[in-house]
Amino acid sequence: MSLSHVTAPTQYVEVDGVSYAYRRWGKKCGTPLFLVQHFRGGLDHWDPLMTDGLAEGREVILFNGRGVGASSGTPRRRFEDMADDIAAVIKALDLPVVDLLGFSIGGFQAQEVVLRHPRLVRKLLLLGTGPRSGDTTIDPEMVPVATKPVHDQDDFVFLFFGRSEAAKQAGRDFWQRRHERTVDVDPLSSPEVAEAQWEAYLAYMEPPAEGEPFEHLKAITIPTLVVNGIRDIMIATVNSFYLGQNIPNSQVILYPDAGHGSQFQYPERFLKHAIQFLDE
């Protein structure tokens, strides 16, 4: 029986005494797609419609960083260190090269993987994210919601989706899909994870000590797809433009009436764009 988002078992790979949780399934051909999740997010925070759609043409690997969800260890406090962990896990899984998808703070980590370990990544997908030293403008209404220990459906829809009734319904639909898995569920991340990841974010957004703010992005020369909603209240949409303007071989797609989780609001549309990008 073929595996899916709902049935793929949680597996573990040990690197330097840390047990990293991951799930892996899909068509065993071509380059695997390695996914890195958002703030406090884990293996069960992805959209089954999206991951299973991607897995029809390649292996999909969901990953929890150090101390996140079912992974052991103390949470990292710098995205650069998180990136080194990702590279170590990719190597431990005997993968010579991957396509890398990073969502939100996962996008910060994914950029650092490419910068620090460029030979490991063939193509890069950056969703709802931005560059180091980017624009930190956020919607003030977002802060009290985003800092709650656990989000309910309405909180999640507010933070990740657009403002129209159609967008809110898409958010509720995603919420139902996200909870389809009821066995071997990934534990929620601890408050220590949130604290460490927030510290990493603040450090990453510091202005550069010298030189132009986004000069480092010119070193990302692999094909890159940047996706966001037209109004991201978590990581300002302007950051997607900064990525597109400074990563030489990049393209930017903004979805209408959408926010931080635009790929969850438009899963079918995102699948078409992502698969075309990965396969071309």
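The values are calculated or read from the model by the stated rules, or taken from the named source; none is laboratory data. Given the structure is predicted, the values throughout are model-derived calculations rather than measurements. Note that each Cβ is placed from the backbone with ideal geometry, even for glycine, and that neighbours are counted across all protein chains shown.
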Give the residues of the range 177-205 that are surrounded by fewer than 18 Cβ atoms within 10 Å (Cβ to Cβ) and within 28 Å of THR137 (Cα to Cα), sorted by residue number.
LEU188, SER190, PRO191, GLU192, ALA194, GLU195, TRP198, GLU199, TYR201, LEU202, ALA203, MET205
Write out, first by first residue and then by second, each pair whose Cβ atoms fall under 6 Å of each other, whose residues are 6+ apart or on separate chains, and whose first residue, in the range 69-97, is more than 17 Å from GLU59 (Cα to Cα) and in a helix (DSSP H, G or I) while the second is at pLDDT 95 or above and basic (Lys, Arg).
MET82/ARG76; ALA83/ARG116; ASP85/ARG66
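Quick grid of which residues meet (1) in a loop (DSSP other than H, G, I, E, B); (2) of a type in the set (Asp, Glu):
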| position | (1), (2) |
| --- | --- |
| CYS29 | yes, no |
| ASP44 | no, yes |
| MET50 | no, no |
| GLY53 | no, no |
Failed item, numbered, when LYS148 is tested on (1) outside any helix (DSSP H, G or I); (2) touching a Leu at 6+ places or on another chain (Cβ under 9 Å):
(2)
Residue that is surrounded by the most Cβ atoms within 10 Å (Cβ to Cβ) [pool: residues in the range 12-30 that are more than 11 Å from LEU93 (Cα to Cα), more than 18 Å from the chain's Cα centre (by Cα) and not hydrophobic (A, V, I, L, M, F, W, C)]:
GLY26
Quick one: is THR129 in a loop (DSSP other than H, G, I, E, B) and either touching a strand residue (DSSP E or B) at 6+ places or on another chain (Cβ under 8 Å) or closer than 30 Å to THR31 by Cα (or both)?
yes
